[in-house]
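To keep things clear, I will list the structure first and then write my remarks on it.
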Amino acid sequence: MRLLKDLRVVVCLGHIAFDGLLSWAQRKGMIASRREFVFAHGAEFTISKGLTVITSYHPSLQNTNTGRLTRPMFLDVFTRASKLAEGRASSSK
């Protein structure tokens with residue numbers, strides 16, 4: 001991510017991606033503890049230097065076929081990410 005100089009938003013697709021991002025952020029000294037970051041669909045967190053993290057259930061067949069993740073839910077995450085990346089939205093939903 002060091003090559004992405006103007007990175008504003010990261011969308012984590014699933015708990016595994018979220019855990020990986022938190023591990024990276026902790027190694028880089030961006031967060032002291034993972035304790036305050038709890039995975040949930042549509043959760044939004046700000047880590048150092050204004051980087052926003054939005055989490056989503058993984059779009060697996062299991063999640064989509066059972067209705068745990070619907071198309072509107074998934075699109076809402078990316079709509080929010082787009083607004084944040086463009087600077088058109090406040091830091092709260």
For region 27-49, how many residues meet the condition of being at pLDDT below 95 and open to solvent by less than 80 Å² (accessible area, probe 1.4 Å)?
-> 7
Could you tell me whether residue 39 is under 15 Å from residue 7 (Cα atoms) and either assigned to a loop (DSSP other than H, G, I, E, B) or without any contact (Cβ under 8 Å) to a residue 12 or more places away in the chain (or both)?
-> no
Can you tell me how many residues in region 64-81 are surrounded by 13 or more Cβ atoms within 10 Å (Cβ to Cβ) and small (Gly, Ala, Ser)?
-> 1
Does residue 55 fit the bill of being touching a strand residue (DSSP E or B) at 6+ places or on another chain (Cβ under 9 Å), closer than 20 Å to residue 84 by Cα and open to solvent by 60 Å² or more (accessible area, probe 1.4 Å)?
-> no
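The values are calculated or read from the model by the stated rules, or taken from the named source; none is laboratory data. Everything numeric here is computed off the predicted structure, so don't read it as measured data. Every residue, glycine as well, gets a Cβ built from its backbone with ideal geometry; the counts of neighbours run over all protein chains shown. The area values use the complete protein model at the heavy-atom level, side chains included, leaving out ligands, DNA and RNA. Shrake-Rupley method; radii C 1.70, N 1.55, O 1.52, S 1.80 Å.
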